[in-house]
Amino acid sequence: RMVIDDKLDNYKGNIDALQAIDSMEVYKWMISFGKKLLEDPLSEEKRIDENRVSRCQFSLFVDWEDGKFKAWSDAMIASGYAYILLDVFNSSPIEEAKQITTDHFKKIEMEQLLTMNRQNGFYQMIEMMINRIQAV
């Protein structure tokens, strides 16, 4: 069993529990992750077009920096889902991270939480991270 499976099961459990209370609780939870993301953000030099998640309606950037993935966004929900993606990729051993696919993330059913634009950004960010990790 890969690290990603445990991580995603954990996130899915949290999302389901929060949704059972109130859908707004899920957004508050994601916003709290967005604040955590900004504690160690992607450096300004790396916030360039080639690192931009272009399908996100807000500014969202991701790249490999200091031996791990880092991201930055000016939007709290985007920052929240970016934090989740960084956590999953950065917690996995490199060889395992190189096996991650977008299908892994279907397990947490983000499409139930995110607008179409945010879903597009979420899945594009995963694809960018998959492509970058292959070069590490």
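Some notes on this structure:
- In the stretch 37-46, the residues that are assigned to a loop (DSSP other than H, G, I, E, B) and surrounded by fewer than 17 Cβ atoms within 10 Å (Cβ to Cβ): Leu38, Glu39, Asp40, Ser43
- Asp9 being touching a Lys or Arg at 6+ places or on another chain (Cβ under 9 Å), charged (D, E, K, R) and not in a helix (DSSP H, G or I): no
- Residue check, Ile4 within 23 Å of Glu111 (Cα to Cα), open to solvent by less than 40 Å² (accessible area, probe 1.4 Å) and among the β-branched types (Val, Ile, Thr): yes
- Scanning the stretch 47-71 for residues that are part of a loop (DSSP other than H, G, I, E, B), open to solvent by 40 Å² or more (accessible area, probe 1.4 Å) and farther than 20 Å from Lys7 by Cβ turns up Arg47, Ile48, Ser54, Arg55, Gln57, Phe58, Asp66.
- Complete set of residues in the stretch 7-36 that are open to solvent by 70 Å² or more (accessible area, probe 1.4 Å), charged (D, E, K, R) and farther than 14 Å from Leu113 by Cα: Lys35, Lys36
- In the stretch 20-36, the residues that are in a helix (DSSP H, G or I) and either of a type in the set (D, E, K, R) or touching a helix residue (DSSP H, G or I) at 6+ places or on another chain (Cβ under 8 Å) (or both): Glu25, Val26, Tyr27, Lys28, Trp29, Met30, Ile31, Ser32, Phe33, Gly34, Lys35, Lys36
The values are calculated or read from the model by the stated rules, or taken from the named source; none is laboratory data. A quick note: this is a predicted structure, and the numbers were derived from the prediction, not measured. Reconstructed Cβ throughout: ideal geometry from the backbone, glycine too, with neighbour counts over all protein chains shown. These area figures cover heavy atoms from the full protein model, side chains too; ligands, DNA and RNA do not enter into them. Shrake-Rupley method; radii C 1.70, N 1.55, O 1.52, S 1.80 Å.
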